[in-house]
Amino acid sequence: MNSGLQALYRKGRKVSNRWLFQLRDSEPGEVTLTSRRVFILPTRAGLSFTLLLLIMLIGALNYNLGLGFALTFFTGACAVADMFLTARNLALLKLAPGRAQPVFAGEEAQFELHLTNPTKLDRYAIWLGFQTQGEPRQVTDVAAGGASAVVLSLPTRERGWLAAPRIQLTTRFPLGLFKAWSYWQPELRVLVYPTPEAPAQPLPSRGAASEDGHGTVGLDNFAGIRSYQQGDPMRHLAWRQIARHDPALGGQLVTKHFEGGAVAELALDFADLPLQLDLELKLSRMTQWVLEAEQRALPYTFRLAQHAYGPALGDAHRAACLRALALFGREGGA
Amino acid sequence: MSETQRRGPKVELGRRLAALPRDKADTLLLLIAALMVLAPHFAHLPLWVSLAVCATLLWRAAITWRGKRMPPLWLLVPVAVAAMAGVYLTYRTLLGRDAGVAMLTLLLAFKLLEMRAKRDLFVVIFLSFFVLLTSFFYSQTMPTALFMAATIIVLLTAQQSFQYTGAVPPLARRLRTSAKLFLLAAPLALLMFVGFPRVQGPLWGMPGDAHSGRSGISDSMAPGTLSSLAQSDEVAFRVRFLDQAPSQNQLYWRSIVLGDYDGRTWTRVPRRRGAQRAAIAISVRGQAVRHEVTMEPTGKRWLAPLELTGPRFSVPGFNVRESDEMEQFTMEPVARRVRYAASAYVDFQLQANEQPENLKRWLELPHGFNPRTLALAQQLRQAVPPTANGQPDARQLSQQVLSMFRRDTFSYTLQPPLAGRDMVDDFLFTGKAGFCEHYSGAYVVLMRAMGVPARVVTGYQGGEMNPLDGYLTVRQSDAHAWAEIWLPSHGWRRVDPTGAVAPERIARNLARALPAPSAFGFGQLIELQNDPGSWLAQLRFRYAALNNSWNQWVLDYNPERQRSFLTELGSVFGNWRSAVGAALVCALAWLLHWRRQRRPAAPLDGLYQAFCRLQARHGYARRPDEGPLSYAARLRDMPASADKHAAMETFLTLYGALKYGGAGAEQRTASLKTLKTLLPLCR
């Protein structure tokens, strides 16, 4: 019985969402909030105000106060005007999606939104938020003829594309007696990379592992000492030399320099990962490795199913790899 | 000397106000609004309540200014309870109008000290609106209404100020926004005011003190009763004559008949217990004077119809009765403004064939008072021969008394000399100066002493006709007392002894009759005021007319007036011609609005849209994702003349520079002009 009622409620909710609130699928590009898309209802304060008006009306009637009637009707009409102004505060606002930077799963995705006010009215106190998150918590003003950018954040859990949920815009300006709201489904999505594995696993080495089991580039023969560069692994620091020239006394950090015959490049290959590992864990490990390789400035090749990049280093390479990881096996994977 | 010192403290204060953090400024604005709401109440609240309210507001202002913490609840609750106890001790009740208003004002003040959340803000604002309403118990004049409008605007501004979340416009702009909102609300408010169905209040019993403190004619007349009224400028009632208005000396508004005299005070004759109520014989002559009276509330039951109205005229919502003396009264006190239609007969005969035994009580005099007056009465009576049937010749005797008033040096004044125990003796023989109550009282005593049935009638005499709107205004200062004597086969006849002394009083109005108190230098002003041609009088008439229509349309817009107004409106707009006209006006307004909506907000975008529409006709519609430069690149492939290509190229380049580049206002207008001239070339 109860579940039947709930189903009925859900169905009613769905119908009302579709027909009453005209919730639509994502709309590309800029969207104008026509007055048909702005809904309005009294707030709790507005309802109390109605009660106040009723009491005032009864008082004016009982005592036959002409000015009492005037006051009641004027304040009542001011509330109606407030309703009009509140709806107008939202209507004809133009909305456009902005940029959304990729994030790692578990981080907050930041969706940038642009509000443009083409009218001659200043818009104040417009609250924005994702419909799923309850009452909007971001607020902005849009001056007449001006624009404003708002960033809404959304926690991420899974890798892949994350589309911005439906956005609710709310305003109670100017008097707070009414709440006008509108929905907007921007065509805006953010790429969520897999979470880097933690604790980090050591980078894989191709061929023989180095003495301490860490695969690194060209570690075959010791070729001398050079000054420390950022990204050099700590274990290659030439401690004996450093000890002789104490850095605190002006000495330099030096690194042991190795040269391999053929420089074995760092290869991050999904196929090389142990088979029994969980898919997501594998992707996390790959992600972690990409990050680490980038951090240590070690050029790397990347192989994941049909994707094969590198060897290379740099933001574009990193982005391509992470993108492949994020979308592996996901719909619209390209 | 520092900058601030040189500019003085005022500038310093202004600067500090301007630099105040937003929430503090908002709270101070709310305090000002609350003060505007509370201030009109200070006039009638007990002093301690006003002081407590002011102190609380100041306390709150200091807390806000200094950024201190609000008082804790354990401090506020005892203070509030003490205030409530104070109200109880002052009024001996917590109910009723005055006590309720005192409680509300204190509540509003204390609520300001206990305002923490946004919800509390709404409570304060709503409470303010209600307290504003209660101030109309005490005053509903036009200035009150203007102040009300100002207060509403400040309240709305305060409410609005709390709604901002980011940028806050300066106070002047916020006030303007609120004023705009108020004006936006005005048409609807007027419509509701006119059209909202009115019911005749009260809905339930009014508290006993709902209409206290009204002055008016009372059912007794002691020395000073009327002269104190004469100094009141309060309006008693207003009259609009549907026919020719009677002349000023016929305007006697009969209210209460006084017959019992105890040597000092005249009172009504109580109805004799068990007495059979005889039908009152009235015969009238001539045309009825039809008129409409709008009477101010008196809180009493007496009416003051034009002599002689009735019997049995009706006041809507009231049960009207009349006494044997042709006084008209209602069963319920008149606690609201009432309007009634009546017709009066100026020429009438009242109780012409009254039985002598019924007249005996109009001959009674207190024993042992006024010996000199009684002696004078004897003298006069012997001087006048009785009529054929042995009765005293009342007409002759009355003439004797009136000519005595005229002949001797009697004068008319609002400040008569003090009288002793034998008041009539003192008035007639020593003071010889008095007000209408002295003359009518002395006249009735003399007539009774000579065996002529006589009585005092109080009411109003005259009134001021406003030539602008045709309303006659009768004020408390027009309160008057005259006399009636009974003549065989003529009945009760009105005699106005005051007219014998100050005929001006009857023919014009009181202010004219009183000698100007030139000692204060106001003589000329008063002269000016009473000269109907002077600009001051014109101004006064204008104000009175405005005030009267205010009363008629705002304060006294009752069910009857509403019905008649709506009927009138219906007949104006009822015919098809007016309906079509109204429809046309609406259509025109809508069209204007639509055109304004259609007009692009920015001229630049409009031009660009026009350009795109032009090219779309040639099959080169701009794609939604195309910027002006890529669009221009695509348009180059369009088969068109070289001139057109050049024009299009220039147009789009200029548009792009204007839209996305930073250009000064001057340059912008010039470039816009160029764009406008380019547009037809791109056709």
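Looking at B:Ala341, B:Ala433, B:Ala335 in this structure, which one is more than 26 Å from B:Leu487 (Cα to Cα) and in contact with a His (Cβ under 6 Å, 6 or more places away or on another chain)? Reasoning before the result, please.
Working: B:Ala341 fails: in contact with a His (Cβ under 6 Å, 6 or more places away or on another chain); B:Ala433 fails: in contact with a His (Cβ under 6 Å, 6 or more places away or on another chain).
Of the residues listed, the single one that is more than 26 Å from B:Leu487 (Cα to Cα) and in contact with a His (Cβ under 6 Å, 6 or more places away or on another chain) is B:Ala335.
Give me a count of the residues in region B:359-388 that are in a loop (DSSP other than H, G, I, E, B), open to solvent by 80 Å² or more (accessible area, probe 1.4 Å) and in contact (Cβ under 8 Å) with a residue 12 or more places away in the chain.
Looking only at region B:359-388, we keep the residues that are in a loop (DSSP other than H, G, I, E, B), and these are B:363-370, B:384-388.
This time we only want the ones that are open to solvent by 80 Å² or more (accessible area, probe 1.4 Å), so: B:364, B:367, B:385-386, B:388.
From what is left, the residues that are in contact (Cβ under 8 Å) with a residue 12 or more places away in the chain are B:364.
Here the count works out to 1.
Which of the residues belonging to region B:88-99 are without any contact (Cβ under 8 Å) to a residue 40 or more places away in the chain and of a type outside the set (A, V, I, L, M)?
Step one: filter region B:88-99 for residues without any contact (Cβ under 8 Å) to a residue 40 or more places away in the chain, giving B:88-89, B:91-94, B:99.
Matches in region B:88-99: B:Tyr88, B:Tyr91, B:Arg92, B:Thr93.
For region A:40-52: of the residues being without any contact (Cβ under 8 Å) to a residue 60 or more places away in the chain and within 9 Å of chain B (Cβ to nearest Cβ), which is least open to solvent (accessible area, probe 1.4 Å)? Break it down stepwise before answering.
Our first condition is that a residue be without any contact (Cβ under 8 Å) to a residue 60 or more places away in the chain; within region A:40-52, this holds for A:44, A:47-48, A:50-52.
Remaining after also requiring within 9 Å of chain B (Cβ to nearest Cβ): A:44, A:48, A:51-52.
Numbers: A:Arg44: 204, A:Ser48: 51, A:Leu51: 106, A:Leu52: 18 Å².
Selected residue: A:Leu52.
Out of everything in region B:300-353 that is out of contact with any strand residue (DSSP E or B) (no Cβ under 8 Å at 6 or more places or on another chain) and either modelled with pLDDT of 85 or more or of a type in the set (Asp, Glu) (or both), what residue ends up being surrounded by the most Cβ atoms within 10 Å (Cβ to Cβ)?
B:Asp324
Scan region B:589-625 for residues that are modelled with pLDDT of 80 or more and under 18 Å from A:Lys94 (Cβ atoms) and jot them down.
B:Tyr608, B:Gln609, B:Cys612, B:Arg622
Determine if region A:193-216 includes at least one residue that is open to solvent by 70 Å² or more (accessible area, probe 1.4 Å), over 30 Å from B:Leu156 (Cβ atoms), of a type in the set (D, E, K, R) and at pLDDT 60 or above.
The answer is no, given that none of the residues of region A:193-216 is open to solvent by 70 Å² or more (accessible area, probe 1.4 Å), over 30 Å from B:Leu156 (Cβ atoms), of a type in the set (D, E, K, R) and at pLDDT 60 or above.
Within the group A:Thr75, A:Thr116, A:Thr86, which residue is open to solvent by less than 10 Å² (accessible area, probe 1.4 Å) and touching a residue at least 40 places away in the same chain (Cβ under 8 Å)?
Values: A:Thr75 fails: touching a residue at least 40 places away in the same chain (Cβ under 8 Å); A:Thr116 fails: open to solvent by less than 10 Å² (accessible area, probe 1.4 Å).
None of the other options fit; the residue is A:Thr86.
If I go through region B:112-137 residue by residue, how many of them are away from every other protein chain (no Cβ under 14 Å) and not hydrophobic (A, V, I, L, M, F, W, C)?
Count: 2.
Mind listing whichever residues of region B:47-77 are of a type outside the set (A, V, I, L, M) and modelled with pLDDT under 90?
Applying the first criterion (of a type outside the set (A, V, I, L, M)) to region B:47-77 yields B:48, B:50, B:54, B:56, B:59-60, B:64-69, B:71-72, B:74.
Once the filter is applied, which keeps residues that are of a type outside the set (A, V, I, L, M) and modelled with pLDDT under 90, region B:47-77 yields B:Thr64, B:Trp65, B:Arg66, B:Gly67, B:Lys68, B:Arg69, B:Pro71, B:Pro72, B:Trp74.
How many residues, within region B:347-358, are assigned to a loop (DSSP other than H, G, I, E, B) and not hydrophobic (A, V, I, L, M, F, W, C)? Explain how you work it out, then say what you get.
If we filter region B:347-358 for residues that are assigned to a loop (DSSP other than H, G, I, E, B), which is where we start, we get B:351-355.
Checking the rest, the ones that are also not hydrophobic (A, V, I, L, M, F, W, C) come to B:351, B:353-355.
Residues that pass the stated criteria total 4.
Counting only residues that are charged (D, E, K, R) and open to solvent by less than 40 Å² (accessible area, probe 1.4 Å), which one in region A:270-291 is farthest from A:Ala200 (Cα to Cα)?
Residues of region A:270-291 that are charged (D, E, K, R), as a first pass: A:272, A:278, A:280, A:282, A:285.
From what is left, the residues that are open to solvent by less than 40 Å² (accessible area, probe 1.4 Å) are A:282, A:285.
Numbers: A:Lys282: 12, A:Arg285: 8 Å.
Looking at residues that are charged (D, E, K, R) and open to solvent by less than 40 Å² (accessible area, probe 1.4 Å), I get A:Lys282.
How many of the residues making up region B:244-260 are under 18 Å from B:Ser323 (Cα atoms) and either part of a loop (DSSP other than H, G, I, E, B) or of a type in the set (Val, Ile, Thr) (or both)?
Counting residues in region B:244-260 that are under 18 Å from B:Ser323 (Cα atoms) and either part of a loop (DSSP other than H, G, I, E, B) or of a type in the set (Val, Ile, Thr) (or both) gives 3.
Give the residue that is nearest to the other protein chains (Cβ to nearest Cβ), with candidates limited to residues of region B:349-387 that are under 18 Å from B:Trp492 (Cβ atoms) and among the basic types (Lys, Arg).
Taking the candidates together, the pick is B:Arg361.
Quick check on my filter: what residues within region A:62-72 are within 7 Å of chain B (Cβ to nearest Cβ), open to solvent by less than 20 Å² (accessible area, probe 1.4 Å) and touching a Gly at 6+ places or on another chain (Cβ under 9 Å)? Reasoning before the result, please.
Within region A:62-72, the subset within 7 Å of chain B (Cβ to nearest Cβ) is A:62-71.
Adding the requirement that they be open to solvent by less than 20 Å² (accessible area, probe 1.4 Å) leaves A:62, A:65-71.
Of everything in region A:62-72, those that are within 7 Å of chain B (Cβ to nearest Cβ), open to solvent by less than 20 Å² (accessible area, probe 1.4 Å) and touching a Gly at 6+ places or on another chain (Cβ under 9 Å) turn out to be A:Asn62, A:Leu65, A:Gly68.
Hey, can you tell me all the residues within region A:123-145 that are open to solvent by less than 20 Å² (accessible area, probe 1.4 Å) and modelled with pLDDT under 90?
If the condition is that a residue be open to solvent by less than 20 Å² (accessible area, probe 1.4 Å) and modelled with pLDDT under 90, then A:Pro136 is the only one that fits.
Output the residues belonging to region B:173-196 that are at the interface with another protein chain (Cβ under 7 Å from one of its Cβ atoms) and either acidic (Asp, Glu) or in contact (Cβ under 8 Å) with a residue 60 or more places away in the chain (or both).
B:Phe193
Give me the pairs: first residue in region A:270-283 and in a loop (DSSP other than H, G, I, E, B), second residue not small (Gly, Ala, Ser), beta-carbon distance under 6 Å, and six or more apart or on different chains, which are they?
Sorted first by the residue in region A:270-283, then by its partner, the pairs are A:Leu273/A:Lys282.
Give region B:309-348 a look and list any residue that's touching a Phe, Trp or Tyr at 6+ places or on another chain (Cβ under 8 Å) and within 14 Å of another protein chain (Cβ to nearest Cβ), or say none.
Scanning region B:309-348 gives B:Pro316, B:Glu332, B:Val334, B:Val338.
Looking at B:Arg668, is it in a helix (DSSP H, G or I) and modelled with pLDDT under 75? Please lay out each step first, then the result.
Values: in a helix (DSSP H, G or I): yes; modelled with pLDDT under 75: yes.
Taking the combined requirement at face value, the residue satisfies it.
Could you list, in sequence order, all residues of region A:311-334 that are touching a residue at least 24 places away in the same chain (Cβ under 8 Å) and crowded, with 18+ Cβ neighbours inside 10 Å?
Selection gives A:Arg318, A:Cys321, A:Leu322, A:Leu325, A:Ala326, A:Leu327, A:Phe328.
The values are calculated or read from the model by the stated rules, or taken from the named source; none is laboratory data. Keep in mind that this is a model prediction, so the values were computed, not measured. When we count neighbours, we look across all protein chains shown, and the Cβ atoms used for this are built from the backbone with ideal geometry, even at glycine. Surface accessibility is based on the protein's heavy atoms, side chains included, excluding ligands, DNA and RNA. Shrake-Rupley method; radii C 1.70, N 1.55, O 1.52, S 1.80 Å.
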